[in-house]
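J.: Pasting a structure here, questions to come.
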Amino acid sequence: MMKTHIFAIAALCAGLTAGAADTLSSPDGKISVDFSLSPEGVPQYSVDYRGDKVIPVSSLGFRMKDAEGFDRGFTVAGVSRTSSDTKWAPVWGENDSIRDNYNGMTVQLVNRKQNTKLNVEFRVYDDGVGFRYLFPKQKKKQLAVTDELTEFAMPGDITAWWIPGDYDTQEYEYVRTKLSEIRHTGGHMPNLSSTTFSPTGVQTSLMLKANDSTYMNLHEAALVDFPAMHLNLNDTTMVFQSWLTPNIDGYKADIKLPFSTPWRVIMIGDRATDILASNLVLNLNEPTKFTDTSWITPIKYMGVWWEMISGGRMWSYTDAHDFDLATFDYSKAKPHGRHSANTENVKRYIDFAAANGFDQLLVEGWNIGWEDWFGREKDFVFDFITPYPDFDIKALNDYAHSKGIKLMMHHETSSSLPNYDRWMDKAYDLMNQYGYDAVKSGYVGNILPKGDNHYSQYAVNHYLNAVKKAADKHIMVNAHEAVRPTGLCRTYPNLIGNEAAMGQEYQGMSPQHVTILPFTRLKGGPLDFTPGIFEANLSLYNPNNKEHKRATLCNQLALYVTMYSPLQMACDIPEHYAEKMDAFQFIKDVPVDWKRSIYLDAEPAEYIVVAREDKHSDNWYVGGVTNATARDYTLGLNFLEPGATYHARLYFDGPTAHYDRNQDKYIITEFDVTNADSLPIHMAPGGGFALSLVKQDAATPAK
């Protein structure tokens, strides 16, 4: 058991002068933060890694509406220091235990001329730095934030993997450029006005490579009651400055004092795998708010979903549109005959999911209103409680429960936040009535009220309120199109999934996309990417769909390991899995909760290889994915228990497999291995491999 120690030392240093610095180092001494004041009393910090300045001197502070003195004119009133070394156990996760080991420092700032106070708290870990602002009680009881002035100075024109700044979506493919090239590459931001956001804006989590031995990542943690942070780059000075999502009134946030901002996060490591393995964002979040978490369980699910995404069938029941949902009579409406969420079709999915060991089945398009939702910007589109005439909600739930699985609820809000707030309690009560314990919520379209944004303070509070209310009803939440995750799944572990990325429904994305998401979007929390496409030719679902999945079947299998989530979907239709049951076996076998995870090898947007040990057995699972470049990889098995024998089942690309052709060419082999073995594996362009390693009992003969 790790020995825990926490201590605090108060050091009054009101005499700290401009240029003098307080230094804080990581437990292993490799990372250090220097805090200082400029001659004008501007708070500043810098970060060193192994003696190199990876974040040169950068400014801190705020501008407020109708309040001065939060950006300059400060003196240091005191400094307190802490140190902590503890362990905590996630309810679910990549590891069953996480070490939280840091040195901390809080700098107390006073602007005596303006009679304002502002504290800055730093925590330095072996894998990076977190800092946040603390607003103590003072003369002003409430403040309106117009700008956060936090800077992240870069050590030069380094490499970045980024998506453009956008207040409403992260559904972009990532671009790799030098910092100086962002302005020339990132000007296309369809949801933004150039008067409110510059073409040098990017979103976090931002992956960076300073040199061959230094990787960094910029993000935020514990986003609560505050707008999401973007980053604006001055490509002359190579300095990023925080840019908060504005609210409907144009400024950024209303805060009531005392107040703590989200953490600003800088992950640092020698290798790309150090960034993948970092738990810094989770560690900067508060422990779980729940005393009882027994009702929160990881989920492997299927869905009545892909057949609509591919264009074969529809969410809606009729062809009616532009009507008042409160008065429209569906019993008199003529169905168009392509509605997926009908009782018989859902039963077909239930039968297949239950027969193959799945936990739940998502059903989209079950409730009235889908005829009139997209792009209408109506306040009242869905009531979240009334099923279509051909969806027997009670009979289907009874049928699913008789088969040993549950149905998963779907709440598409069409981004009308006030409407969802009005119906949320009734919607969750309906779920309790019928035994649903998980909901996929969606926020497609422009936010209502008009003029607000998906990542504003108002929207951020709405998303978290939905999670809190769901917890009161013992409901798990998988939020799509909501704000990007910032580790709040530690505090609220019923938040078992998020989208906030270009997911599988974008059918023609490049092969590199799945090799960069674990370095970017997944640093804040699990992604409901919806893997498992077995039929790449989407015209078989819908002759008018000319797209195809740009990934091999083995690449799709590997995603269950390389993209962590406690909520994993097998998103293809049952018939396509039935045609390839030998490959489908991996999806049936792979767990969704882990004892230990080891990132074996990786490079951003190129390839990733991950090994994970099942939380409930001694078995291991390994996944590897590559971008459009074929790759020969030697997988060492030294992570296995010495002296033990494991039965291996390896799924890998056939010699002619390719992400644009022959996507379903795969080979499966079985053999026994020990930790002394290594396996040469070929990954096709846009391909990958999946490997299960089942520990053999000493009395069991080798196969």
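J.: P(r) for segment 438-591: what percent of alpha-carbon pairs falls in each 5 Å bin, starting at zero?
T.: Using 5 Å bins, I get a P(r) of 2, 8, 17, 19, 18, 16, 11, 7, 3, 0, 0 for segment 438-591.
J.: Okay, next question. On a 1.4 Å probe surface of the protein chains, which of 682, 616 comes out largest in accessible area, and what is the full order?
T.: 616, 682
J.: Still on this structure, please answer the following. Which sequence of 667, 573, 275 reflects their accessible areas, 1.4 Å probe, from the largest down?
T.: Listed by decreasing accessible area, they come as 667, 573, 275.
J.: Same structure again: Could you compute how much accessible surface residue 666 exposes when probed at 1.4 Å, giving the result in Å² to the nearest 10?
T.: So the heavy atoms of residue 666 present about 50 Å² to solvent.
J.: Ok, one more. So what's the chain giving for Rg/Rh, alpha carbon basis, Kirkwood Rh from the mean inverse pair distance?
T.: Reported Rg/Rh, Kirkwood definition of Rh: 0.97.
J.: Filter the trypsin sites (Lys or Arg not before Pro) in segment 395-448 to those in DSSP coil with at most 16 other Cβ atoms within 10 Å of their Cβ, and list the result.
T.: 403
J.: Next question, about the same structure. What is the distance in Å between the Cα centres of segment 222-261 and segment 406-452?
T.: For segment 222-261 versus segment 406-452, the Cα centre distance is 27 Å.
J.: Under a 1.4 angstrom probe, counting protein chains only, how are 581, 502 ranked by accessible area, largest first?
T.: 581, 502
J.: Still on this structure, I have one more. In Å², and per residue, what accessible area does the chain have when probed at 1.4 Å with the other protein chains present?
T.: I get 36 Å² per residue for the chain.
J.: Moving on to the next point. Work out from phi, with θ = phi - 60° and the Karplus expression 6.51 cos²θ - 1.76 cosθ + 1.60, the ³J(HN,Hα) of each residue of segment 233-242, listed in order in whole Hz, and give x for Gly and Pro.
T.: Karplus-based 3J(HN,Hα) across segment 233-242 equals 9, 8, 7, 8, 8, 6, 10, 8, 10, 4 Hz.
J.: Would you mind computing, in nm to one decimal, how far apart the modelled labels at residue 329 and residue 385 are, each placed 7 Å from Cα along Cα→Cβ?
T.: Distance between the two pseudo-spin positions: 2.3 nm.
J.: When the expected Rg is taken as 2.2 N^0.38 Å, what fraction or multiple of it is the alpha-carbon Rg of segment 85-151?
T.: Cα Rg divided by the expected 2.2 N^0.38 Å: 1.55.
J.: Ok, one more. For a quick check of understanding: with a 1.4 angstrom probe and all protein chains in place, what accessible area in square angstrom does residue 521 have, to the nearest ten?
T.: 10
J.: Another question, if that's okay. Probe radius 1.4 Å, ligands and nucleic acids ignored: give me the carbon and sulfur share of the accessible area of the chain as a rounded percent.
T.: Roughly 49 percent of what the probe reaches on the chain is carbon or sulfur.
J.: Could you check what % of the DSSP bridge pairs in the chain are antiparallel, to the nearest 5?
T.: That works out to approximately 85 percent antiparallel.
J.: Using 0.36 nm times the number of residues separating residue 80 and residue 603, minus their current alpha carbon distance, what extension gain do you get?
T.: Gain on extension, residue 80 to residue 603, equals 184.4 nm.
J.: Using amide H atoms built in the peptide plane, which far-off residues or other-chain residues are under 5 Å from residue 336 H to H?
T.: Here the answer is 318, 319, since their amide H atoms fall under 5 Å of that of residue 336.
J.: With 21 Å as the limit, write out which pairs from 665/695; 469/523; 256/426; 549/580; 289/469 have Cα-Cα distances beyond it, or answer none.
T.: In this structure, 665/695; 469/523; 256/426 exceed 21 Å between Cα atoms.
J.: Give, in nm to one decimal, the length gained when the segment between residue 432 and residue 344 is fully stretched (0.36 nm per residue of separation minus the Cα-Cα distance).
T.: That pair, residue 432 and residue 344, stretches by 29.3 nm at full extension.
J.: Further, regarding this structure: What figure in square angstrom, to the nearest 10, would you give for the accessible area of residue 137 with a 1.4 Å probe?
T.: 150
J.: If amide hydrogens are placed 1.01 Å from N in the peptide plane, which non-local residues have theirs closer than 5 Å to the one on residue 253?
T.: Amide H neighbours of residue 253, under 5 Å, 5+ apart: 145.
J.: Based solely on its DSSP helices, what 222 nm [θ] is calculated for the chain when runs of n ≥ 4 H residues each add -39,500 (n - 2.57) and the sum is averaged over all residues, nearest 500 deg cm²/dmol?
T.: -4000 deg cm²/dmol, from helical runs alone.
The values are calculated or read from the model by the stated rules, or taken from the named source; none is laboratory data. These numbers come from a predicted model, not from an experiment. FYI the Cβ positions are ideal-geometry reconstructions off the backbone, even for glycines, and counts take in every protein chain you see. Heavy atoms of the whole protein, side chains included, go into the accessibility calculation; ligands, DNA and RNA do not. Shrake-Rupley method; radii C 1.70, N 1.55, O 1.52, S 1.80 Å.
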